[in-house]
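Please read the structure below before turning to the comments.
The values are calculated or read from the model by the stated rules, or taken from the named source; none is laboratory data. Computed from a predicted structure; not experimentally measured. Note that we place each Cβ from the backbone using ideal geometry, even for glycine, and neighbour counts take in every protein chain shown. Please note that ligands, DNA and RNA were not included when accessible areas were found on the heavy atoms of the full protein model with its side chains. Shrake-Rupley method; radii C 1.70, N 1.55, O 1.52, S 1.80 Å.
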Amino acid sequence: MTISQDAAAPLIVIVGATGAQGSSVIKALEESDRPYRMRGFTRSTSKPEAVELVKRGVEMVDMDVNPTQENKQRVSQAFEGATYVFAVTVPAVTTNKEREVSEGQMFVDAAKAAKVELFVWSGLENFSEVSGGKYIHADHFDGYECLSALVYE
């Protein structure tokens with residue numbers, strides 16, 4: 001199935017569309033038997049991966065996901081009209097737990113405000129807990145677990 005431009009097709013917003021997870025979500029949806037409109041977030045719509053997605057029919061949006069007030073408004077606007085959202089934070093950009101949690105909270109809040117039908121969160125378990133306390137400085141993993149708790153609220 002090709003990516004649809006038909007306004008009747010469900011709109012899916014994919015955070016991190018040019019990354020490993022986001023691009024695999026797009027590929028899987030392209031191969032499904034249903035038409036979907038897709039809107040992808042990327043840090044740069046000029047990079048080759050984003051240009052290729054545009055050629056395939058994905059609406060690409062330059063998005064700084066640092067959770068400033070302006071960016072929160074931009075994320076909310078980009079989520080408007082979405083039926084589904086796939087969200088992930090980017091550890092290469094988000095190097096501390098507090099920032100990662102704030103970024104994820106921004107996605108959760110925008111999805112709730114947009115009344116999306118399904119919010120898919122790519123998260124992890126608390127690494128400290130899973131390892132029985134053996135690995136206690138895994139902020140990225142623990143940040144994901146904290147965010148997962150927010151998603152289920």
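Of all residues being within 19 Å of ILE3 (Cα to Cα) and without any contact (Cβ under 8 Å) to a residue 40 or more places away in the chain in the range 51-62, which is most open to solvent (accessible area, probe 1.4 Å)? Just the residue, please. Quick ask: steps written out before the conclusion?
Start the filter on the range 51-62 by keeping residues that are within 19 Å of ILE3 (Cα to Cα), which leaves 51-61.
Adding the requirement that they be without any contact (Cβ under 8 Å) to a residue 40 or more places away in the chain leaves 51-55, 59, 61.
Working: VAL51: 60, GLU52: 82, LEU53: 8, VAL54: 79, LYS55: 155, GLU59: 89, VAL61: 27 Å².
So, considering only residues that are within 19 Å of ILE3 (Cα to Cα) and without any contact (Cβ under 8 Å) to a residue 40 or more places away in the chain, the one most open to solvent (accessible area, probe 1.4 Å) is LYS55.
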(request) Residue by residue through the range 40-50, note down the ones that are assigned to a helix (DSSP H, G or I) and loosely packed, with under 15 Cβ neighbours inside 10 Å. (result) PRO48
(request) Could you please find all residues in the range 5-24 being assigned to a helix (DSSP H, G or I), touching a strand residue (DSSP E or B) at 6+ places or on another chain (Cβ under 9 Å) and open to solvent by 30 Å² or more (accessible area, probe 1.4 Å)? (result) GLN21, SER23
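Out of the residues in the range 63-92 meeting the condition of being outside any loop (DSSP other than H, G, I, E, B) and more than 13 Å from the chain's Cα centre (by Cα), tell me which one is surrounded by the fewest Cβ atoms within 10 Å (Cβ to Cβ).
Residues of the range 63-92 that are outside any loop (DSSP other than H, G, I, E, B), as a first pass: 69-79, 84-87.
Going one step further and asking which of them are more than 13 Å from the chain's Cα centre (by Cα), we end up with 69-74, 77.
Numbers: GLN69: 7, GLU70: 10, ASN71: 15, LYS72: 19, GLN73: 11, ARG74: 19, GLN77: 12.
Checking each candidate, the answer is GLN69.
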(request) Looking for whichever is under 18 Å from the mean Cα position of the chain (by Cα), within 15 Å of ILE12 (Cα to Cα) and polar (S, T, N, Q) here; the options are SER24, SER44, SER32. Which one fits? (result) SER24
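Search the range 109-137 for residues being surrounded by 18 or more Cβ atoms within 10 Å (Cβ to Cβ) and touching a residue at least 24 places away in the same chain (Cβ under 8 Å), and hand back the single one that is nearest to the chain's Cα centre (by Cα).
TRP121
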(request) Filter the range 25-39 for residues that are open to solvent by 20 Å² or more (accessible area, probe 1.4 Å) and either closer than 21 Å to GLU117 by Cβ or not in a helix (DSSP H, G or I) (or both) and give the result. (result) VAL25, ALA28, LEU29, GLU30, GLU31, SER32, ASP33, ARG34, PRO35, TYR36, ARG37, ARG39
